[in-house]
1. Order these by the 10 Å Cβ neighbour count, fewest first: Lys213, Lys58, Lys180, Lys76.
2. Can you flag which of Lys145/Lys211; Lys4/Lys109; Lys45/Lys213; Lys39/Lys78; Lys157/Lys213; Lys55/Lys145 are past 18 Å Cα-Cα?
3. Kirkwood Rh over alpha-carbon pairs of region 18-84, then Stokes-Einstein at 10 °C and 1.306 mPa s: what D in µm² s⁻¹, rounded to an integer?
4. Give me the mean projected area, in nm² to one decimal, of the convex hull enclosing the Cα positions of the chain.
5. Assuming 0.36 nm per residue, please report the length gained on full extension of the stretch Lys101 to Glu38 beyond their Cα-Cα distance.
6. Would you kindly state how much longer the chain becomes between Ser208 and Asp16 on full extension, computed as 0.36 nm times their sequence separation minus their alpha carbon distance, in nm to one decimal?
7. Per the Kirkwood treatment, what hydrodynamic radius in Å, one decimal, follows for region 1-121 from the mean inverse distance over all distinct Cα pairs?
8. Starting from the Cα of Asn143, step 7 Å along the direction of its Cβ; do the same at Lys55; then give the gap between the two resulting points in nm.
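We did not get these values from a lab; they are worked out from the coordinates using the rules stated. Predicted model only: the values in this text are computed from it and were never measured. Cβ placement follows ideal geometry from the backbone for every residue including glycine, while neighbour counts extend to all protein chains displayed.
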Amino acid sequence: MSLKACIYDLDGVITDTAKYHYESWKWVSDQLEYNLTEKQNQKLKGVGRKESLDKILKWSGARISEAKKQNLLTQKNKMYLKYIDTMTPEEIFPGFNEFNKKTKEEGIKVAIGSSSRNAIRIIDKLDLVLDFHAIVDGGMTPNSKPEPDIFLLAAEKLSIDPSECLVIEDSQAGLTAAKKAGMKSILYGEDKGLKGASLQIDNWLQASLEKFKNLY
């Protein structure tokens, strides 16, 4: 067994869209007369849109109709899209392009496995569309993270066995999804409280492809 594919989460791993999500979800919580904290917003990382709203409703104790839910989800997404449409390639995390290029040069396939239904739109803004062998977003599978569907579909598109895929994630939902998919994972970022990863890197400048390959 060897490392044959890297599957990257997008938000928080390749670029920072968390700030845009927070502003958008904060608007939603304001409509519910609830104050969403940054700490709570961290718990929405890697979680699908509908599931995120369900969490906010649970925290707030608000009860709203299904029609109101759909309206809030639509408005939240419109607000989020306005933010991401201003993104540029300068918002790619330092070192990612170099790491991804080296990975491909060594014959390892690369893919995006994101819960975001806007992943392709973001990747286009970052001018990265041609940089991956496959892209899977939250609109392509019946279940979002922490279920394994997104990563399993990415492996299928790459024609690589899940056991030879390595996931790079920044959320507990993503790490759990990787484990359920039978994949090893790397935790990206400085959050020390998450479980399930084989290694942790604070940023792409610390990433070592050799260390990643040695996990297999």
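1. Lowest to highest Cβ neighbour count: Lys58, Lys213, Lys180, Lys76.
2. Too far apart for the 18 Å limit: Lys145/Lys211; Lys45/Lys213; Lys39/Lys78; Lys157/Lys213.
3. Values: Rh = 11.8 Å.
Estimated via Stokes-Einstein, D reaches 135 µm²/s.
4. 11.2
5. 19.3 nm
6. Values: separation 192, 0.36 × 192 = 69.12 nm, distance 2.13 nm.
This chain segment gains 67.0 nm when fully extended.
7. 16.0
8. Placing both labels 7 Å beyond Cα along the Cβ direction yields 1.8 nm.
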